[in-house]
Every structure is written in C-alpha cells, then in structure tokens.
Amino acid sequence: MCIPGERIKRTRFIQTEKYVVAIEVEMVISAGDTSEPCYEAETVNLLREVQQHAEQGDLAWLTQHGKVYAAVGAT
C-alpha cells in the first residue's frame, strides 16, 4: 500500500538486551494529515523483522540491513 505524501528518511533504533540496530527507514507525511509522519505497512514489517533477528542474534542478517551496536559488560 502506497500512502500519498512527502517521503522522508529517518534512522530508527531497535533495541534488544544484546544489540541496538540503527536502520534507515522511509516515513510518509500524508497529504491528508500533516500532523506527524507515519510508516507504511512494509516499513512496520521490516522493523518487526529487524527486532526478531536482533533477538535471535543473527548478526549476518542484521549487518546487511543496518548498523549494529553490541552491549558490553561493565567491569
């Protein structure tokens, strides 16, 4: 589904216990409601998929889709 309106790129962060993944996504400022940008369904699905792969520790997949930061233990 394609929402008509202005498209902007934003970086979103997905956080799990071990990783934070920075991923660039497209948001839409709808012509009908300019109060705030929204996600299209495909973007929401991608963010869910990133969350699942981060929880599983799938670094190979994550590094293909965004920038991955790992938590390190404090001493």
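The values are calculated or read from the model by the stated rules, or taken from the named source; none is laboratory data. For clarity, every value in this text was computed on a predicted model and none was experimentally measured. FYI the Cβ positions are ideal-geometry reconstructions off the backbone, even for glycines, and counts take in every protein chain you see.
Would you call residue 23 at pLDDT 95 or above, β-branched (Val, Ile, Thr) and either surrounded by 16 or more Cβ atoms within 10 Å (Cβ to Cβ) or out of contact with any helix residue (DSSP H, G or I) (no Cβ under 9 Å at 6 or more places or on another chain) (or both)?
yes
Give the number of residues within region 1-23 that are closer than 30 Å to residue 71 by Cβ and either small (Gly, Ala, Ser) or touching a residue at least 40 places away in the same chain (Cβ under 8 Å) (or both).
Number satisfying all stated conditions: 8.
Residues in region 24-35: is at least one more than 11 Å from the chain's Cα centre (by Cα) and in contact (Cβ under 8 Å) with a residue 40 or more places away in the chain?
No.
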